[in-house]
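The values are calculated or read from the model by the stated rules, or taken from the named source; none is laboratory data. All figures in this text were calculated on a predicted structure; none of them were measured in a lab. All Cβ positions, glycine included, derive from the backbone under ideal geometry; neighbour counts span all protein chains shown. The protein model used for the area step is the full one, side chains on, heavy atoms only, and it has no ligands, DNA or RNA in it. Shrake-Rupley method; radii C 1.70, N 1.55, O 1.52, S 1.80 Å.
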Amino acid sequence: MTGIHGVSAAHHAGAEDIDKFDDLYWQSRTDPIVEDDAFLERIVAGAELPVLLAALAAALHDTSALRPELQPPLTPIDTEPHPNGGMTDEQCREASALALSGLKQLRDSGITSVDILTESETRATLGYLTGNREEWFDMLKHELDLAVDKGGKPAWSFEELAAARDFTTLIVGAGVAGIAAAHRFAQAGVPFTMIEAGTTVGGTWAKNTYAGVRLDTPTFGYSYSFAQRSDWPHQFAQGGEVLEYLRDVAHRAGIVDAIEYSTRLLRLRWDDTASLWEATTSAPDGTVNVRRFSAVISALGQLDKPNIPDLPGFADYRGLTMHSQEWRHDVDLAGKRVAVIGTGASAYQIVPAIVDSVSKLAIFQRSAPWMLPAPNYHEPITDTFRWLRAKVPHFGQWYRLWVILTGIPGRAHTVTAEPDWTGAPLSVSRKNQELREYLIARLETQLQGRPDLLEHAIPNYPPGAKRMLRDNEVWSAALRADKTTLVTSGIARFTESGVVDSDGLEHEVDAVIFATGFKPSDYLDGVEVVGRGGTEIHDFWNGDARAYNGITVPGFPNFFMIYGPNVGGVVAGSLHFMLERAVEYSLSAIRVILERGVRGIDVRAEAMDRFVEWVDRGNRAMAWGQPYVSTWYQNRHGRVSQIWPYTNVEYWNITHAVQLDDYELLP
Ligand code: NAP
C-alpha cells in the first residue's frame, strides 16, 4: 500500500509508565486516526487479522470480537508463516468486518492509548490468539506488557532482603545476554560490576559487521520483553539496526556508563573458605586485576571464537584474508578476485552482498545448505504495518507477541524424527521428506538450465540437521553469475597466490574470506574457571559442556551461565526469551542466597545429569540428533550440546522456580 501519510514519531513515556509496563520502549500514546473509511478498509485488507483484533480488543476494552469461531487455527508452519495463522477465507471476511468496525470505533472515540488489561481480558485475548492453549499463557504473559502479572521484572529488591550484606556480582559480557542481565540486576538493586572485552556493547552484533549481515529470524521475534521496540525498519533487521537497538536499550536501561570496557576475564577461582569468586581480568595495556565477587554471571557468547581451519600452505598465501567476524572494512573488495570458504549462514549473507562488485568469486562448499523460502528477506516493514503501529495502540507489540506465539511450536514438526522411518540419511520423517522434496523443487527452479550447479546444491542430509537459511533467491543468483565458480572438491592447499582445490585446480584470488563459523561447543573458551575442590570447568566437562537448565554446573557455586549449553533454539522459540529466563532464574537463585542468609548455592550433580538426560532424549528425536549427521550443534563427543529440543514453554516451566531439592546450600 502506498500513500500513507500523517505518521509522526511515537510519544515516548515517562519513567513511571516504563516502570508500570516494564518496557523501556513503552509508548504512552499513538497518533489519532484521521483517515476515512475507505482508507481503513485498505489497511484491514493488508493487516494480520488476529493481531489487529487483539490490539483493538485491548484498546477498546472489549473482547467481544474475539469470537471462538474466528480463532486462527495456527496451522503448523512448514516453511513460511501462514497469513492470519491459517484462518479460512470465511474467517478472514468476518474478522475483517469486525476489525474495520473496531478501527472506526477507535477513530471516532479518539482513543490513542491502552492500559493494563484485566485478568479476564488477558485470558480472553490469549485464548483467542492461541486457540485456548492455556499451558502457553504464563510464558506468553512474560512477553505481554499489558498483562497485570507480566513476569520478568524482579518482584523483590536487594535493599529489602539484605541491604547490609556485602554482596557483589560480576557480569561478564555486554552482548545481548549481558545487557538483559545488567538491566534485571539493576532493577533488583543487586550490586554488580560489568566487564566487556570489547569497546562497546552489542556482543556478536558489534563484532559481525560483514557485508550483508542481517537477522535470519524475523525482527519482531528478536527483542527483549522489557524493550519492545516496534518501529523496526526491516522485516529481517540489518546488523547495524540490531546493534543500534542494543546500544539504545543499554542507554535506556542506564547501564552504559557502568560497563568496564576493554576488560577481559582470564580466570575465575572459587575461594572455598571465603565463598567468593576471585576474578582475574586484564586491560589492553596488560594490567591484570584481581577482584572478589559473591556471584558471577557469564554472558559470554556462544558463537564467538572464529573457526579458521588449519589448511596446508596457508602461511604461504600472500593475499588478504579475513574471517566473517573480523571483517576488514579497510579493504575494498571491488574488482578483486575473492574466495569465500564455507556456505553457512554467514556466507549466505556475504556472497550476495559482494558478488556484483568483485571481479571473480570462488565459493568453496563442503556441504550445501538447506534454504527456506523467505521472499520478504530484504524487504522493509510495509506501509500498512507502519500505519498500524503508529495509530493502533500497542499494535507493534501485539505483533511481536504473535511472532513469538506462532514460534512456540515453530517448525519443529518438520524436523522431528519418526522412529521407524526408512529414509535416512536423507530425511527423518514423512514430513521431513516432503519438506526435502519441496525445497529441492525450489532449487530446481532456481537453477534451471544449470545441472552442474543443481547437482551440488542439493544437500545430502535431512532438512534441519544443520541450520536452515532464509532464501529470497539471491544465493542461487550469485551461484549462477558468470564470475562465480562453485568448488566442491575440497581444499587441497594454499599457494602464494590462491587456493588449490582437491581436483588440483588452482584458484588465484586476491582475498580469502573464511565464513567457516565458530567453535560453539567450546563454552567459556579462553577463561579458566576453577570451582570447589580446585576442579577446572573444562576438565570437568572434558569437551562435553553441560549445565542444569543451561545455567548452573555442579561444583561451581554462585556461577550462572546465560545462554549456556543446550538452550539454543533453531527451529522454534525466541532467543531473547531463553536468555532472559536464564537471567531471571539466576536472580531467583541469588534471592535464595540473600533470603536464607547462606553464602552459596550449588546445583547437585544428579540434577544436572537428569536435565542432560532429558534434553538428550529430546535432541535424539530431532534431525540434528541423528547419528549419521554432522553439524555444529554437536560437540566432539557427538552429543548435541548446543541445542534446546523443546519449546519456550518447557523452558518457562523449568525455570519458573529454583527447585531447592536440586541444590546444595552452602552455609
Ligand atoms: P557455520 O554455519 O558453522 O558455517 C560454516 C561453513 O564453513 C559451513 O558451510 C562449513 O561446512 C564450512 N566449513 C567449516 N570448516 C571448513 C573447512 N575446514 N573447509 C571447508 N569448509 C568448512 O558458520 P556461520 O555461517 O558463521 O554461522 C554460524 C551460526 O551463526 C549460524 O548457524 C547462526 O546460528 C549464526 N548466524 C546468524 C546469523 C543471523 O542471524 N544473521 C548470521 C550468520 C550466522 P560444513 O557445513 O560442511 O561444516
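In sequence order, region 349-358 has phi-based couplings of 8, 5, 4, x, 6, 10, 4, 5, 8, 6 Hz under the Karplus curve 6.51 cos²θ - 1.76 cosθ + 1.60, θ = phi - 60°, and Gly or Pro positions carry x. Annotation: amide H of MET194 within the under-5 Å range of ILE171, GLU260, sequence separation 5 or more or interchain, hydrogens built in the peptide plane. Quick one: pull the percent of accessible area on the chain belonging to carbon and sulfur, 1.4 Å probe, ligands and nucleic acids left out. For the chain, the apolar C and S fraction of the accessible surface comes to 49 percent. When each of the peptides 446-454, 402-410 is scored by the mean number of other C-beta atoms lying within 10 Å of its residues, the order from highest to lowest reads 402-410, 446-454.
Considering only GLY600, ALA547, MET561, and ranking their Cα positions along the charge dipole of region 496-603 that arises from unit charges at the beta-carbon of Lys, Arg, Asp and Glu, the one farthest toward the positive end is GLY600. Partners of LYS141 within straight-line reach, counting lysines whose Cα lies under 21 Å from its Cα and excluding those fewer than 8 residues away in the same chain: LYS20, LYS150, LYS153.
Packing, as the average of other Cβ atoms within 10 Å across residues, places the peptides 32-38, 333-339, 124-130 in the order 124-130, 333-339, 32-38, highest first.
Between GLY600 and LEU666, the built amide H atoms are under 5 Å apart, and every one of these is 5 or more places off in sequence or on another chain. Positive end of the dipole of region 354-411 (Cβ unit charges, origin at the Cα centre): among VAL358, TYR399, THR384, the Cα lying farthest that way belongs to TYR399. Dipole magnitude for region 453-563: computed about the Cα centre from +1 point charges on Lys and Arg Cβ and -1 point charges on Asp and Glu Cβ, it is near 580 debye.
The distance separating the Cα centre of region 555-599 from that of region 617-639 comes to 24 Å. About its Cα centre, the chain has a charge dipole of approximately 660 debye under the convention of +1 per Lys or Arg Cβ and -1 per Asp or Glu Cβ, with nothing else charged. Entry note: the chain has Rg to Rh equal to 0.97, where both radii use alpha-carbon atoms and Rh is the Kirkwood radius. Measuring nothing but how far apart in sequence close Cα pairs (under 8 Å, 6+ apart) lie, relative to its length, region 349-432 scores a relative contact order of 13 percent. Backbone phi angles across region 413-423, fed through the Karplus curve with coefficients 6.51, -1.76 and 1.60 (θ = phi - 60°), yield HN-Hα couplings of 5, 7, 10, 8, 7, 8, x, 9, 5, 9, x Hz in residue order; Gly and Pro are listed as x. Considering only DSSP beta bridges where both residues belong to the chain, give the percentage that are antiparallel (nearest 5). Counting DSSP beta bridges with both partners in the chain, the antiparallel share is about 45 percent. Modelled this way, with points 7 Å down the Cα-to-C-beta line, the labels at SER120 and VAL500 are 8.0 nm from one another. Computed from backbone phi, the HN-Hα couplings of region 573-585 come to x, 9, 4, 4, 4, 4, 7, 5, 5, 5, 5, 5, 5 Hz, rounded to whole numbers (Karplus: 6.51 cos²θ - 1.76 cosθ + 1.60, θ = phi - 60°; Gly and Pro given as x).
Under 20 Å of direct C-alpha separation, and excluding same-chain neighbours fewer than eight residues apart, LYS431 reaches these lysines: LYS466. Taking 7 Å steps out from each Cα toward its Cβ at ASN472 and ASP544 produces label points 4.4 nm apart. Using the charge dipole of the chain (Lys, Arg: +1 at Cβ; Asp, Glu: -1 at Cβ; taken about the Cα centre), state which of ILE195, THR422, ALA54 has its Cα farthest towards the positive end. The Cα lying farthest towards the positive end belongs to THR422. Based on Cα contacts under 8 Å between residues 6+ apart, region 333-385 shows a relative contact order of 41 percent. When peptides 77-89, 623-635, 173-185 are ranked by their average number of other Cβ atoms within 10 Å per residue, the highest-first order is 173-185, 623-635, 77-89. Accessible surface computed residue by residue for region 508-628, with neighbouring protein chains in place and a 1.4 Å probe, gives 30 Å² per residue. Excluding ligands, DNA and RNA, the accessible surface per residue across region 10-128 is 45 Å² with a 1.4 Å probe. About the centre of its Cα atoms, region 103-257 shows a dipole size close to 300 debye [charges on the beta carbon of Lys, Arg (+1) and Asp, Glu (-1) only; nearest 20 debye]. For ASP471, nonlocal amide neighbours, meaning residues 5 or more places apart or on other chains whose placed amide H falls under 5 Å from its own, are LEU372, ALA374. Here the simple spin-label model places points 7 Å from the Cα toward Cβ, and for ARG252 and VAL592 these points are separated by 3.3 nm. The value of relative contact order for the chain, using C-alpha pairs under 8 Å at least six residues apart, is 16 percent.
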